[in-house]
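Only one structure is covered here, and it is reproduced in the block below.
Quick note: the coordinates plus some simple rules give every number you see, no bench work behind them. Everything numeric here is computed off the predicted structure, so don't read it as measured data. Note: ideal-geometry Cβ built from the backbone for every residue, glycine included; neighbour counts use all protein chains shown.
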């Protein structure tokens with residue numbers, strides 16, 4: 001399409017261009033034609049004819065003159081057209097060479113050895129390597145840390161099989177290691193979307209035309225959005241004050257966790273914890289202190305739990321700790337440790353021993369499976385017993 | 001056109017060689033062991049392509065296509081059931097997909113599938129071009145998603161008025177412990193297919 005358009009445009013141009021050839025060239029060519037014709041006719045008339053015995057009438061003489069003129073004018077016209085065509089070609093070539101410089105993408109031409117044949121302005125700007133420095137060099141010489149087997153194979157496929165190749169940012173991130181002037185988030189190198197297309201000259205040699213799209217900004221944007229989404233998700237799952245999970249998360253976590261426990265025959269335990277006389281703390285010291293106590297209490301719980309366990313703020317001053325791979329004995333040990341830590345820690349701004357808690361423990365065993373609701377209800381019942389029996393203690397079933 | 005078992009077997013063998021090359025490329029790109037085989041090759045008239053592909057006409061298909069020109073003209077298409085291709089990309093790109101939102105995901109899938117399809121089609125077409133003994137110029141790849149009739153309607157608009165035949169290669173791709181059945185369809189003129197099989201005949205006789 002592009003080629004045929006150029007050809008048509010081009011034919012029109014040289015037709016009209018013939019008449020736009022500078023006058024001095026046309027005059028010069030005219031003078032040359034007539035001088036040559038005059039010299040040849042003189043030669044014929046004064047030198048060659050006297051040597052022969054042929055007599056030429058004026059009529060024949062004028063025909064010879066006309067033929068001679070036509071013979072000489074034709075190449076002259078041809079020469080003028082050729083001149084015009086050559087100028088157009090030169091202009092077109094210059095135009096196309098400049099075209100790559102006007103594009104907002106990187107364009108480079110390389111051969112199979114990775115030797116650079118063209119390097120556009122965009123690349124000059126982004127890499128700081130001038131076209132002069134780049135042309136004739138190998139890509140591996142220009143970028144010491146160049147390491148893209150995919151680009152190598154794409155160039156080979158492109159040149160050998162004349163099939164353009166796409167190199168996506170998703171699977172490759174980049175092909176030329178171009179450092180960013182100002183790093184974006186955690187990106188230090190320009191993220192690129194690249195295409196490699198074959199370009200064959202009239203001698204049948206094929207070069208690979210590589211175009212590079214800088215997609216760093218959109219990659220940075222989408223990863224920022226992803227981070228934001230992750231943060232929002234975590235916020236919707238967590239209690240803002242203590243950082244513990246909320247009830248909504250508890251239920252979405254517990255059901256699949258119990259299924260896994262069934263599959264792998266693993267125990268799971270539940271601690272239900274309540275700060276003793278929390279209302280009194282709130283009433284005596286105010287809500288700010290109450291909040292600080294909740295935060296400090298949750299901190300102690302987090303310290304005593306393992307990475308696979310989760311802590312949930314179940315109600316006002318009530319927490320649930322779910323302990324994976326923990327049978328009743330392990331759960332009791334962890335609960336006792338928590339009780340001891342709470343007793344012996346100064347939870348700011350109160351003194352050591354001012355904050356106490358009660359803990360109810362229930363366990364899910366593979367031999368006696370129960371539902372998630374029953375597990376929590378049992379822990380709640382044990383907590384009630386602990387409260388009833390004087391608080392500041394751990395209570396568990398059999 | 002009449003094709004005997006021997007012709008089809010020979011083409012299948014060549015296709016297997018071509019696609020194992022693609023599998024090597026993909027393994028390198030995706031850092032995973034990938035195998036590709038061609039269990040079956042068929043040649044059918046254009047009108048019977050939809051039927052011969054043995055795909056559910058209601059299911060969504062992901063297709064990567066590249067048209068080719070030169071002495072032979074036509075289109076090469078690689079199709080996977082959409083669900084399979086999605087799962088494949090998710091498994092391959094992994095965490096970066098999980099991080100991304102729903103909308104991003106589609107962009108990532110398209111981009112990744114286009115590159116994977118590009119590599120596979122190039123390998124498949126190199127086999128055909130070698131057999132034809134001709135140079136074919138390929139276009140940049142495009143991506144489409146839709147039901148099979150939709151996709152074929154779209155592509156036939158581009159190849160309208162030509163007497164076409166289709167070489168269908170059933171492909172079997174094994175990656176990240178998944179197996180995906182794909183189809184590579186090469187639509188080209190009856191003449192080109194004739195040239196291809198004439199050369200195949202000669203090659204077989206030569207052996």
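List of remarks:
- Verdict on residue A:269 being more than 25 Å from residue A:158 (Cβ to Cβ), more than 13 Å from chain B (Cβ to nearest Cβ) and surrounded by 20 or more Cβ atoms within 10 Å (Cβ to Cβ): yes
- Restricting A:88, A:46, A:65, A:101 to residues that are loosely packed, with under 11 Cβ neighbours inside 10 Å and assigned to a helix (DSSP H, G or I) narrows the list to A:46.
- Residues that are closer than 12 Å to residue A:103 by Cβ and buried (at least 17 other Cβ atoms within 10 Å of the Cβ), drawn from the stretch A:121-135: A:122, A:123
- Set side by side, the residues A:163, A:153 differ, and just one is assigned to a loop (DSSP other than H, G, I, E, B) and either touching a residue at least 24 places away in the same chain (Cβ under 8 Å) or in contact with a helix residue (DSSP H, G or I) (Cβ under 6 Å, 6 or more places away or on another chain) (or both), which is A:163.
- Qualifying positions in the stretch B:36-76 - under 28 Å from residue A:170 (Cβ atoms), surrounded by 15 or more Cβ atoms within 10 Å (Cβ to Cβ) and more than 14 Å from chain A (Cβ to nearest Cβ): B:36, B:37, B:38, B:53, B:55, B:60, B:61, B:62, B:63
- Filtering the stretch B:121-155 to residues that are more than 11 Å from chain A (Cβ to nearest Cβ) and within 26 Å of residue B:107 (Cα to Cα) leaves B:144, B:145, B:146, B:147, B:148, B:149, B:150, B:151, B:152, B:153, B:154, B:155.
- Selection within the stretch A:166-181: residues that are in contact (Cβ under 8 Å) with a residue 12 or more places away in the chain and in a strand (DSSP E or B). The member of this set that is farthest from residue A:204 (Cα to Cα) is A:180.
- Within the stretch A:371-391, the set of residues being assigned to a loop (DSSP other than H, G, I, E, B) and in contact with a strand residue (DSSP E or B) (Cβ under 6 Å, 6 or more places away or on another chain) comprises A:391 only.
- Residue selected from the stretch A:211-239 under the condition within 13 Å of chain B (Cβ to nearest Cβ) and closer than 23 Å to residue A:96 by Cα, by the criterion nearest to the chain's Cα centre (by Cα): A:213
- Considering the stretch A:136-174, the residues that are at positive phi and facing another protein chain (nearest Cβ under 10 Å) include one that is surrounded by the fewest Cβ atoms within 10 Å (Cβ to Cβ), namely A:173.
- Residue match in the stretch A:202-217 (condition: in a helix (DSSP H, G or I), out of contact with any strand residue (DSSP E or B) (no Cβ under 8 Å at 6 or more places or on another chain) and more than 24 Å from residue A:118 (Cα to Cα)): no
- Selection within the stretch B:126-140 - under 20 Å from residue B:41 (Cβ atoms), touching a helix residue (DSSP H, G or I) at 6+ places or on another chain (Cβ under 7 Å) and either in contact (Cβ under 8 Å) with a residue 12 or more places away in the chain or not in a helix (DSSP H, G or I) (or both): B:126, B:127, B:128, B:131, B:132, B:133, B:136
- The single condition among (1) more than 13 Å from the chain's Cα centre (by Cα); (2) within 14 Å of another protein chain (Cβ to nearest Cβ); (3) part of a helix (DSSP H, G or I) that residue B:11 does not satisfy is (2).
- Which numbered condition residue A:33 fails, given (1) assigned to a helix (DSSP H, G or I); (2) in contact (Cβ under 8 Å) with a residue 60 or more places away in the chain: (2)
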